[in-house]
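A short write-up of the structure that comes next.
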Amino acid sequence: MNYESLLSIAREGAKLAADNLARLWQVPREIHIKSDESLLTQIDTENEAILVSFFQKATPEFGFLGEESGIHEAQKSGEPYWYVDPVDGTSNMAHRFPWACVSIGLVIEGQPVVGVVSNPIQNHEFYGAQGFGSFLNGKQLHVSRNDEFARSLLATGFPVGPHTSRIPNIENFDRVSHAVHSVRRPGSAALDLACVAAGWFDGFWEINLKPWDTAAGVLLVREAGGCATGFEGDAYDPHSPYIIATNGILHRELDALLTKAG
């Protein structure tokens, strides 16, 4: 399978959705609250419709899993599958905090092989493919070379709303914050992972993520020379809620501080 040609397809689809996100960024929008307390706007639903239509035409034999519309079975069941978040960072977008993106990952045999994370508000297009490398606007990316955990800058995230599921990661956050330089919480897992790939963050972890949140970003981290796994030594699984991504050098130290139970 030619991953570079599939990356071109993914970038084309991401651009359609990213252009729509940019076009509607300042437009007044109706905001709905979903059952899990996350937000939904017409940009989310429009972008997903754009991407469903695009990939059904571009790769009709592939499956599609989107955040808003669920699974669309392809002509053949199973894999490959496009894992798509039409807007990652909807809460940021709803408040016009300019940190939101379109995230598209292609997964084969449970692992990402193509990834695009596009934030048109910041003019950031992150993209990569297995064996091809990771790039930002044409410049190849490399993870940081920082080998001092105490001086590391990390990122994490928390579920929106008054959920008890916040608690485990708050406890992890407390432990990690006391051991590193600082921890950021920008509000988009896909962009957090892209920032690890770019070397802007030394690492990232989170709980309760979905496959469309991580597939593209994990590919970017790996192709930039980093490491992505689950917690407590588990291998990365797009459908697992636990993820750690680092420059590789600091991976064990971060993993040692994190627990699934908090």
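One residue is enough: does the stretch 62-70 have a residue meeting the conditions modelled with pLDDT under 95 and among the aromatic types (F, W, Y)? The answer is yes, given that some residue of the stretch 62-70 is modelled with pLDDT under 95 and among the aromatic types (F, W, Y). N137: touching a Ser or Thr at 6+ places or on another chain (Cβ under 8 Å), over 20 Å from I108 (Cβ atoms) and polar (S, T, N, Q), yes or no? No: the conditions fail for N137. The set of residues from the stretch 134-165 being over 18 Å from the mean Cα position of the chain (by Cα), at pLDDT 90 or above and surrounded by fewer than 15 Cβ atoms within 10 Å (Cβ to Cβ) comprises G138, K139, Q140, R145, D147, E148, A150, R151. If you filter the stretch 166-210 down to residues that are more than 26 Å from G225 (Cβ to Cβ) and among the basic types (K, R), you find that the one that is surrounded by the fewest Cβ atoms within 10 Å (Cβ to Cβ) is R175. The residues of the stretch 211-262 that are buried (at least 16 other Cβ atoms within 10 Å of the Cβ) and among the charged types (D, E, K, R), listed by number, are D213, R222, E223, E253, D255. Working only within the stretch 198-242, note down all residues that are of a type in the set (K, R) and more than 11 Å from the chain's Cα centre (by Cα). Within the stretch 198-242, just R222 meets the criteria.
The values are calculated or read from the model by the stated rules, or taken from the named source; none is laboratory data. Treat the numbers as computed from the prediction; the structure is a model and nothing was measured. Here the Cβ is made from the backbone with ideal geometry for all residues, glycine too, and neighbour counts use every protein chain on show.
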